[in-house]
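Working notes, structure below.
Bear in mind that the values in this text are calculations on the coordinates, not laboratory data. Since the model is a prediction, treat every value here as computed from it, not as a measurement.
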Amino acid sequence: MLWVPEHCRDFLIIEIDSTQSTETEWENMFMLNQASSDWLKGRLDTGTYFDMLDACGINPFEFVGKVETHVELLIR
């Protein structure tokens, strides 16, 4: 059986190493995880979400692209 998360936002979760993370990394993780939920619900536009990812050092096209590819494979 294949496990699929209940909600797509679970694919966009940002995690950090809790033993070696700075306060800024924690804050960014919380901010980006809320932003992904807001983006998927249409409360945040794509440009803003991608700018937030980029500002935190995450390539938005690569990050979201991997999730998109994964979801497409699951749907097939």
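Based on C-alpha pairs under 8 angstrom that are at least 6 apart in sequence, the chain has a relative contact order of 25 percent.
Phi angles across region 53-70 convert, under the Karplus curve 6.51 cos²θ - 1.76 cosθ + 1.60 with θ = phi - 60°, into 3J(HN,Hα) values of 4, 4, 5, 9, x, 10, 5, x, 5, 5, 5, 6, x, 5, 5, 4, 4, 4 Hz, Gly and Pro given as x.
Size of the chain: Rg and Dmax of its alpha carbons, in Å, are 13.2, 40.
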